[in-house]
Every structure is written in C-alpha cells, then in structure tokens.
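A short reminder: the numbers here are calculations on the coordinates, not readings from a lab. It should be emphasised that the depicted structure is a prediction, and the values quoted were computed from it without experimental measurement. No Cβ is skipped: glycine too gets one built from the backbone with ideal geometry, and neighbour counts run over all protein chains shown.
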DNA sequence: GTCTATATGTGGATAGAC
DNA sequence: GTCTATCCACATATAGAC
C-alpha cells in the first residue's frame with residue numbers, strides 16, 4: 001500500500017488517500033497511522049496538528065499539479081494542451097465519480113468556515129486557473145482568457161461534484177466530450 | 001434567528017444553516033439544539049440519528065428547489081427561465097463564495113464514502129438537471145438537452161466551489177455573465 | 001413532548017520510555 | 001526518531017423525570 005521509505009512522506013500519502021475517500025473530518029489520525037505504518041504518537045513528530053497534515057496534502061497536490069501541467073506544456077499547441085487537461089478528468093472518471101475530485105473536494109471542505117486552512121484551499125485552484133489562462137492567451141483569447149479559464153476549471157470541478165452526487169461516471173465522460181468540442185471550436 | 005413554531009421544522013432550519021456554514025461533520029447536535037432553541041435530548045424525539053437530520057435537510061432543499069423552479073416556470077420562455085436560474089447564483093454570490101452552494105457542498109460531503117446518505121445526495125442534482133433539461137428541450141435542443149443541462153448544472157456547482165476556495169465572490173459574477181451569454185447564443 | 005443528567009465511545013493530543 | 005500508554009475534551013446517543 002504505502003511504499004515510501006521516508007516516513008513523513010508515507011504519512012502524507014496515506015492521509016491523502018484516506019482523506020480523498022472519506023473526507024478530512026471523518027478520517028482519524030489512528031487510521032492514517034495504520035495506513036502509513038507509523039505509530040499514532042509518531043505522527044506528532046512529523047506534524048504538530050491534524051490541520052498541518054491537511055496543509056501538507058494541499059502542498060503536495062499543488063506540486064503534483066505543477067508537474068502534471070509542466071508535462072502538458074511539451075505538447076505542440078495550446079489547444080491540445082487544454083484538451084489534455086480535460087482528458088485527465090475523463091481518465092479519472094471512475095475514481096472521481098466515487099470520491100470526487102481529489103483537489104476540489106478537499107478544497108471545498110477546507111475552505112468552509114475555517115480560519116488558517118481556508119487560505120490553503122485557494123492555491124490548487126489558482127494553479128489550475130493560471131495555467132489554463134496562459135493557454136487561452138496563447139490561443140489568441142488574451143482579452144477574455146481569465147473568463148475562459150474560470151469557466152473551464154469551474155466545469156471540471158462541477159462535473160466531479162455532480163457525478164459524485166449522482167454516482168455516475170458516465171456524466172464525466174459526457175461533460176468531457178462537451179468541453180473538448182468547446183475547446184476545438186474556440 | 002429561528003422563528004418557526006413547529007419545533008421539528010425549527011431544528012431542520014437551524015441545522016441547515018449551521019451545516020451550510022460549518023459542514024455536516026463539524027456541526028454538533030449541541031450547536032443545533034441551541035440554535036433551534038430545543039434541548040439537546042429533545043432532538044432525539046424528532047430525529048433518531050444525526051444522519052436523519054441530514055436527510056431532512058436534503059428533503060427540504062429539494063422541496064425549496066422544486067418551489068423555486070416552479071416559480072420560474074411562469075416566465076414566458078425557456079431562455080429567460082434558464083437565465084433566471086443563473087441569476088439565482090449571481091444573487092447569492094456572497095454567501096456562496098463564503099460557504100459554498102448550500103446544495104452542492106452538502107451533497108459533496110454526503111456522497112463521499114457513506115452508505116445510505118449517498119443516495120440522498122443525488123436527489124437535488126436530479127431536480128436541477130431535469131428542470132434544466134426540460135428548458136433546453138423547449139428551446140429546441142431536444143437532441144442534446146441532457147448534455148446541455150449537465151454542462152449548466154456542472155458550471156453552477158463548479159463556480160460555487162471555485163469561488164469558495166478562492167474566497168472571491170466576483171468570480172461568480174463573471175461566470176454568471178459567461179453563462180448568460182452562452183444561453184442567449186444557444 | 002420537553003427537559004436534565006448521564007452513559008459510552010472515540011478523537012486529537014501529550015508524556016515519557018526506549 | 002519511534003514507540004506504548006494515557007489524558008482529556010467532547011460528540012452522539014440514552015435514560016428517565018416532569
């Protein structure tokens with residue numbers, strides 16, 4: 001299950017998986033400790049509080065996102081880069097329909113009524129928005145690139161939420177196709 | 001704050017408000033009891049479990065949604081009806097940016113990794129989707145009405161999530177404008 | 001029906017040995 | 001650094017008087 005040798009990373013990975021499936025509030029430190037093969041008390045050597053684990057997960061997600069988007073940048077044109085982003089959702093349709101978007105569902109839970117953690121929730125969204133905006137700019141839509149990026153990211157986050165509520169992965173397939181067409185026609 | 005005379009309704013309303021702001025898992029029965037001006041023990045006269053309160057909130061939300069959509073049906077044409085739906089999000093931008101969509105954020109939390117409550121999460125979404133699909137049909141898009149409805153509802157749910165994560169109500173204004181234009185051009 | 005009091009379980013967090 | 005054992009607060013749920 002958890003294969004990293006660095007225990008701190010093992011905890012972050014295990015927590016990310018569990019929290020994706022169960023939500024942050026419903027996931028206990030005891031569960032995380034078991035999944036990470038670390039004693040419960042040891043968690044507090046790596047993180048001072050449960051909230052800090054959430055912050056670490058968000059930071060890791062932003063890093064993964066950056067890496068993923070950087071890879072897409074090797075694609076020849078902005079249009080295919082945007083299509084590739086949508087394709088990520090299409091590929092992950094089954095897990096997203098079951099547990100929601102790993103990024104969006106966590107951000108939604110953290111942003112709600114929390115002080116310090118609310119700030120963290122913005123980072124992954126900004127990452128997605130900024131990259132998308134750059135692509136729309138490259139496509140020649142520099143005037144309304146921010147608006148188009150907002151629409152794209154909203155659609156991706158929204159379809160994850162709707163498909164999860166319905167328990168219907170096919171909804172993600174359908175919305176992905178719609179978005180692909182939209183990008184091609186732009 | 002809570003003005004209903006029927007105590008059961010008072011509990012449902014108080015719980016709905018608190019859970020919208022704090023999330024389901026983080027809201028305690030003690031808080032609900034205080035807000036509803038009911039003794040903690042009395043909650044169990046009206047509801048057997050905390051989960052039942054969540055179910056009652058969802059049922060109430062579906063009822064409110066039905067009523068709201070029924071009102072929109074008095075508008076002369078399908079296009080203005082769809083615009084009116086989007087306008088609801090634009091009007092509620094401040095509260096949605098702060099706490100998320102009252103429907104979507106609850107559904108997202110309930111659908112995740114829960115047995116019986118997962119089923120309830122689908123109902124509000126289906127209500128929104130079915131009504132929207134009917135409007136797109138009336139607009140002459142009977143062929144792809146379901147796809148258009150899915151795109152609209154996803155966009156509305158998505159912008160609530162993104163705006164909440166960013167803490168930015170203006171994002172809802174911008175996406176609403178985009179969707180209004182989209183509806184007019186259809 | 002509505003209340004007070006309480007049982008029961010469990011979660012985050014700490015203490016301290018090794 | 002990693003562990004075991006434990007504290008303490010609090011949340012859900014129950015008991016039972018009124």
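Between A:127, A:147, which is touching a residue at least 12 places away in the same chain (Cβ under 8 Å) and either within 18 Å of the chain's Cα centre (by Cα) or within 20 Å of residue B:176 (Cα to Cα) (or both)?
Among A:127, A:147, only A:127 is touching a residue at least 12 places away in the same chain (Cβ under 8 Å) and either within 18 Å of the chain's Cα centre (by Cα) or within 20 Å of residue B:176 (Cα to Cα) (or both).
As a summary of the residue check, residue B:77 satisfies the conditions (1) more than 27 Å from residue A:18 (Cβ to Cβ); (2) surrounded by fewer than 22 Cβ atoms within 10 Å (Cβ to Cβ); (3) within 13 Å of chain A (Cβ to nearest Cβ) except for the one numbered (3).
Looking only at residues of the range A:111-122 that are within 13 Å of the chain's Cα centre (by Cα) and either over 19 Å from residue A:15 (Cβ atoms) or at the interface with chain B (Cβ under 9 Å from one of its Cβ atoms) (or both), we find that the one that is surrounded by the most Cβ atoms within 10 Å (Cβ to Cβ) is A:121.
Take residue B:11 and decide whether it is within 16 Å of DNA strand D (Cβ to nearest atom), surrounded by 14 or more Cβ atoms within 10 Å (Cβ to Cβ) and part of a loop (DSSP other than H, G, I, E, B). Criteria not met by residue B:11. Return the residues of the range B:14-58 that are away from DNA strand C (no atom under 13 Å from the Cβ) and touching a residue at least 60 places away in the same chain (Cβ under 8 Å); say none if nothing qualifies. Matches in the range B:14-58: B:16, B:19, B:20, B:21, B:23, B:24, B:51, B:54, B:55, B:58.
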